[in-house]
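The values are calculated or read from the model by the stated rules, or taken from the named source; none is laboratory data. This structure is a prediction, so every number in the text was calculated from the model and none was measured. Here the Cβ is made from the backbone with ideal geometry for all residues, glycine too, and neighbour counts use every protein chain on show.
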Amino acid sequence: MKAIFSLLMVLALVVIATVGAGAAQMHTIFAYCIPRTAFIIFMVGFVCKIISWAKRPVPFRIPTTGGQQQSLPWIKQNKWDNPSTGPQTFIRMALEVLTFRSLFRNTKTVMRHDDGQNPVVGYVSAKWLWLFAIMFHYGFLTVVVRHMRLFLQPVPAPIEFLDWADGILQILAPTIYISDMLLIGGATLLLLRRLCAPKIRYISLVNDYFPLFLILGVACSGAYMRYVAKVDIMGIKEVVMGLITLHYAVPAGIDTSFYVHVFLVSCLLVYIPFSKLMHMGGVFLSPTRNMPNDTRINHYVNPWNNPAIKPHSYAAYEDEFREHMLEAGLPLEKTPEQKA
Amino acid sequence: MKLYNGGKIITGLVIFLCVFLAPFAYNAGKAAYSQPKVQLPKDEKECIESKEYMRTNHMKLLNQWRDWALRDGKRVYVNSKGKSFEISLQNTCMKCHPNKAEFCDKCHNDAAVSPYCWDCHYQPDGGLKK
């Protein structure tokens, strides 16, 4: 139901763009006004979200991360999983962002039986999520970077090279991009994972399905433009360059699928700052990834401690309440005689 | 209002802004982009199909031509108006568009497209150069 609702919402967006740019011919609005507004909302919303997160204190270090922490010199420390210095933490963060190590460590719980047929709970490696995620994210990144050919003039050599390398399979004309297959394949597999695995489906919400359908919509409309509708790419470059150089030329003769694609991308941009897609910036603020485990080296002060409340040692506590404690028969470190 | 780890977070945000605003900076101050003007043949007014069709579908057509000519041995193309053409990049297309740099490359460079036509074909005007 939630999945169908999300799908219908994305289809509604497609209909809005088809009717607005196709039937109603509102080309300037769909080519310039909406993407421009969406980009501004995306940038401002993203920065505001990060700033609002930065205002929240972290009460304590979170040292319970995988791997051996820094200990006695003859115990080997797992520096990338349990770093104790800044540079080590940087490596952990870089590996997390670039290779998704915490997904690679994903496990699933299974029930097996031992030789005597007694039930045994086991934890086995489950790499599928990592595989689908890495396909999807790198596919998406390549697609976004490759699109810079429409945003930059002259096209820089690295972008040209990327476009060539991405189409190196030389299947069909225009050639099929590897990144398109990774993006659409990865997103589809992530969606199927939510739909087919009962436990995942139980916890999936509209805000899990909607971004997947929206991204699939973006990717499929893009692929449709390239492989099926065969849109006029030079006309599109003129429109996109108009967006970038702030010269708004009214485009002519561009297929409606372009406006649908741009509208879906605009929706995605607007959606990012208000949704779980903010993990794009939020991953850098994960306390279990960005805090070195140095609690035994540096004293960490909880930022929300009340400075008016002074430390109160046990010795001072006993000094304050010694008479009452003696009366109640509680054990004392120092009797009143010893104290005196 | 205090920011925790403000220095690092602001640095990150500056990097974010730089990356996403880079296309604006790259094109800043440049004149409005207009589509490249390709060199059109002087004595011929019509291509084998309509201009709109050729603009968007020439790659598909060239791909079909290659398959028909080299794999099926079919050497005659009949266009939508019933006119016949020899299926040949060298003898038909490049008879009117002999200069790759002034015709093909104009748009292909701007769109960063690198078609593999020239892995096999030579261009009449450009000699043996790819």
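A few remarks follow.
- Restricting B:Lys100, B:Lys8, B:Lys74 to residues that are at the interface with chain A (Cβ under 10 Å from one of its Cβ atoms), surrounded by 12 or more Cβ atoms within 10 Å (Cβ to Cβ) and out of contact with any His (no Cβ under 6 Å at 6 or more places or on another chain) narrows the list to B:Lys8.
- Within region A:115-144, residues that are farther than 15 Å from A:Gly185 by Cβ have Cβ atoms under 7 Å from residues that are β-branched (Val, Ile, Thr) in these pairs: A:Val121/A:Thr109; A:Gly122/A:Val110; A:Tyr123/A:Thr107; A:Tyr123/A:Thr109; A:Val124/A:Thr107; A:Val124/A:Val110; A:Ser125/A:Thr107; A:Ala126/A:Thr107, counting only partners at least 6 apart in sequence or on another chain.
- Any hit, region B:28-44, residues being in a helix (DSSP H, G or I) and either touching a Pro at 6+ places or on another chain (Cβ under 6 Å) or modelled with pLDDT of 85 or more (or both): no
- Residue within region A:289-304 that is surrounded by 11 or more Cβ atoms within 10 Å (Cβ to Cβ), among the basic types (Lys, Arg), within 27 Å of the chain's Cα centre (by Cα) and within 14 Å of another protein chain (Cβ to nearest Cβ) present: yes
- On the stretch given as region A:125-144, residues that are under 21 Å from A:Leu95 (Cα atoms) and either β-branched (Val, Ile, Thr) or in contact with a Lys or Arg (Cβ under 6 Å, 6 or more places away or on another chain) (or both) total 3.
- Test result for A:Leu13, assigned to a helix (DSSP H, G or I), at pLDDT 90 or above and in contact with a Cys (Cβ under 9 Å, 6 or more places away or on another chain): yes
- Region B:103-125, subset within 14 Å of another protein chain (Cβ to nearest Cβ) and of a type in the set (Asp, Glu), residue nearest to A:Phe161 (Cα to Cα): B:Asp110
- Residue under evaluation B:Ala31, criteria (1) within 14 Å of chain A (Cβ to nearest Cβ); (2) among the small types (Gly, Ala, Ser); (3) touching a strand residue (DSSP E or B) at 6+ places or on another chain (Cβ under 9 Å), criterion not met: (3)
- Any hit, region B:23-45, residues being touching a His at 6+ places or on another chain (Cβ under 7 Å) and of a type in the set (A, V, I, L, M, F, W, C): yes
- Some residue of region A:279-288 being within 28 Å of B:Val14 (Cβ to Cβ), in a loop (DSSP other than H, G, I, E, B) and within 14 Å of chain B (Cβ to nearest Cβ): yes
- With respect to (1) surrounded by fewer than 16 Cβ atoms within 10 Å (Cβ to Cβ); (2) closer than 26 Å to A:Arg226 by Cβ; (3) small (Gly, Ala, Ser); (4) facing chain A (nearest Cβ under 7 Å), the lone exception for B:Ser80 is condition (4).
- Residue tally, condition facing chain B (nearest Cβ under 7 Å) and either acidic (Asp, Glu) or free of Cβ contacts under 8 Å to residues at least 12 places away in the same chain (or both), over region A:234-248: 4
- Note on region A:144-175: among residues that are in a helix (DSSP H, G or I) and within 7 Å of chain B (Cβ to nearest Cβ), the one that is nearest to B:Arg55 (Cα to Cα) is A:Arg149.
- Here region A:220-233 is the region considered, the condition is being within 11 Å of chain B (Cβ to nearest Cβ) and within 9 Å of A:Phe258 (Cβ to Cβ), and the residue that is surrounded by the fewest Cβ atoms within 10 Å (Cβ to Cβ) is A:Ala229.
- Qualifying residue in region B:61-77 (condition: out of contact with any helix residue (DSSP H, G or I) (no Cβ under 9 Å at 6 or more places or on another chain), in a helix (DSSP H, G or I) and polar (S, T, N, Q)): yes
- B:Pro36 falls short on exactly one of the conditions (1) without any contact (Cβ under 8 Å) to a residue 40 or more places away in the chain; (2) within 25 Å of the chain's Cα centre (by Cα); (3) within 9 Å of another protein chain (Cβ to nearest Cβ); (4) under 28 Å from A:Tyr248 (Cβ atoms), and that condition is (1).
- Top-ranked residue in region A:170-187 [being in contact with a helix residue (DSSP H, G or I) (Cβ under 7 Å, 6 or more places away or on another chain) and among the hydroxyl-bearing types (Ser, Thr, Tyr); ranked as nearest to A:Tyr138 (Cα to Cα)]: A:Ser179
- Options B:Leu62, B:Leu21: the member that is in contact (Cβ under 8 Å) with a residue 12 or more places away in the chain, facing chain A (nearest Cβ under 9 Å) and more than 30 Å from A:Pro303 (Cα to Cα): B:Leu62
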